[in-house]
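The values are calculated or read from the model by the stated rules, or taken from the named source; none is laboratory data. Quick caveat, the model's predicted, so the values are computed rather than measured. Cβ placement follows ideal geometry from the backbone for every residue including glycine, while neighbour counts extend to all protein chains displayed. Heads up: the accessible areas ignore ligands, DNA and RNA and are worked out on the full protein's heavy atoms, side chains in. Shrake-Rupley method; radii C 1.70, N 1.55, O 1.52, S 1.80 Å.
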Amino acid sequence: MSEFIAPAKPIIGDEERAAVDRVMRSGMLAQGPEVKAFEEEFAEHFGLGRACVAVNSGTSGLHLGLLAAGVKAGDEVVVPSFTFAATANSVALAGATPVFADISADDFCLDPGSVEAAITDRTVAIMPVHLYGHPAKMEQLLAIAEKHDLKVFEDAAQAHGASLHGTPVGAFGTFGMFSLYPTKNMTSGEGGMVSAADAEIEQLLRLYRNQGMLQQYHNEVVGLNNRMTDIHAAIGRVQLTKVDRWTKLRQENAAFLSSRLEGVTPPPVADGAVHVYHQYTIRVPQDRDGLAKALREEYNIGSGMFYPVPNHELKPFQANVELPETVKAAAECLSLPVHPSLTESDLERIVTAVNTLAKAGA
Ligand SMILES: *Cc1c(COP(=O)(O)O)cnc(C)c1O
């Protein structure tokens, strides 16, 4: 059988290894000059026009962002259910209640109508997820937030470089979080980067990240140790020099798949949106699981389901809400390989396999 086509593949080169070695030899491993440089280069690279604060994971980034924004027990934050559990987890960890809204069929991201219906007098914020690397409907969500005097937080874990009408994701909300986990569009090993809308949010992020200290042993608030190490930052800095090329390859791979796949629904792209294809997610209305199994067993092609169980059905949340588009997407979504390491022959194999299986299944 042909070689396995992995659903994701982190790319680590000699430059990353050399950067790690440089930091190891410096003897300075914890948060230091590499982290500071990475924060500045990240903000500059993605044109965020605001300061960034590096942390040890994307989940920490969401958690600290919520704390910095003053989210507390008794508050409600409207989140999508169709996302990775870290979105709702971070709200719950901040002591608040995640309230689940539905997604739109056309972009897998929060449906503004459903968000508005979920707002109560306890709602303090909306946290859209730019799922799969496609920007959420930010203009409508910001308008709703303004009307109801709410904050907006962005989970941009999967969307480095995505934008809407020229504005990069991570530049819309009170804060925006980018994950640097190995399978994301770029990595630092583990890590997260949080963009801050203003100096106060930035300062609080820096405090919460470091036990409440800016000046050593002069703790100002109760904080955590969620610092990024210089080792991880050094990896991230190198990846930053490569991510644009990888994004372009993801977009080219997606275009190849979308122009050739038959009998399945390719991922839509909204007007004015730049999609960075963290995932290339099709809808398979009939027997998605069977298609995934056949791809793996008959064609040696990996795929992913992000996410098969909506968050409102997960044990820690169990919310009694009707989210029909979320339930439908969870049953139909299938992410095909789109990562930058795919060759043209890999892409052709994926197209042939999906088209053959889809035709046989129809
Ligand atoms: C990956 C991810 C996170 C969490 O990021 P980590 O770096 O793994 O902690 C949060 N939200 C979404 C949508 C993600 O995909």
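Details
- Entry remark, the stretch 154-174: residues being part of a strand (DSSP E or B), touching a helix residue (DSSP H, G or I) at 6+ places or on another chain (Cβ under 8 Å) and more than 13 Å from the ligand (Cβ to nearest atom) number 2 in total.
- When the test is whether a residue is more than 22 Å from ALA331 (Cβ to Cβ), more than 12 Å from the ligand (Cβ to nearest atom), open to solvent by 40 Å² or more (accessible area, probe 1.4 Å) and modelled with pLDDT of 95 or more, ALA94 does not pass it.
- In this structure, ASP111 does satisfy being away from the ligand (no atom under 14 Å from the Cβ) and within 23 Å of the chain's Cα centre (by Cα).
- The lone exception for ASP230 - which of (1) among the acidic types (Asp, Glu); (2) open to solvent by 10 Å² or more (accessible area, probe 1.4 Å); (3) away from the ligand (no atom under 14 Å from the Cβ) it fails: (2)
- Pair list, Cβ under 7 Å, 6 or more apart: the stretch 127-151 residue in contact (Cβ under 8 Å) with a residue 24 or more places away in the chain and not assigned by TED's automatic domain parsing to the domain that holds THR247, other residue open to solvent by 10 Å² or more (accessible area, probe 1.4 Å) and in a helix (DSSP H, G or I): LYS137/PRO112; GLN140/PRO112; LEU141/PRO112; ILE144/PRO112; ILE144/GLU116
- Qualifying residue in the stretch 311-325 (condition: crowded, with 19+ Cβ neighbours inside 10 Å and either in the same structural domain as PHE82 (by TED's automatic domain parsing) or of a type in the set (Ser, Thr, Tyr) (or both)): no
- Of the residues making up the stretch 18-50, just one is open to solvent by 80 Å² or more (accessible area, probe 1.4 Å), within 12 Å of THR229 (Cα to Cα) and under 23 Å from the mean Cα position of the chain (by Cα), namely LYS36.
- When the criteria are applied in full, ALA88 fails the requirement of being of a type in the set (A, V, I, L, M) and either more than 12 Å from the ligand (Cβ to nearest atom) or closer than 22 Å to SER188 by Cβ (or both).
- The residues of the stretch 327-347 that are open to solvent by 30 Å² or more (accessible area, probe 1.4 Å) and of a type in the set (Gly, Ala, Ser), listed by number, are ALA331, SER341, SER345.
- Only listed residue being at pLDDT 95 or above and either of a type in the set (Val, Ile, Thr) or within 25 Å of ALA68 (Cα to Cα) (or both), chosen from GLU252, GLU298, GLU200: GLU200
- Residue match in the stretch 189-211 (condition: surrounded by 20 or more Cβ atoms within 10 Å (Cβ to Cβ), under 19 Å from HIS339 (Cα atoms) and within 25 Å of the chain's Cα centre (by Cα)): yes
- Residue in the stretch 14-28 that is hydrophobic (A, V, I, L, M, F, W, C) and within 23 Å of THR87 (Cβ to Cβ) present: no
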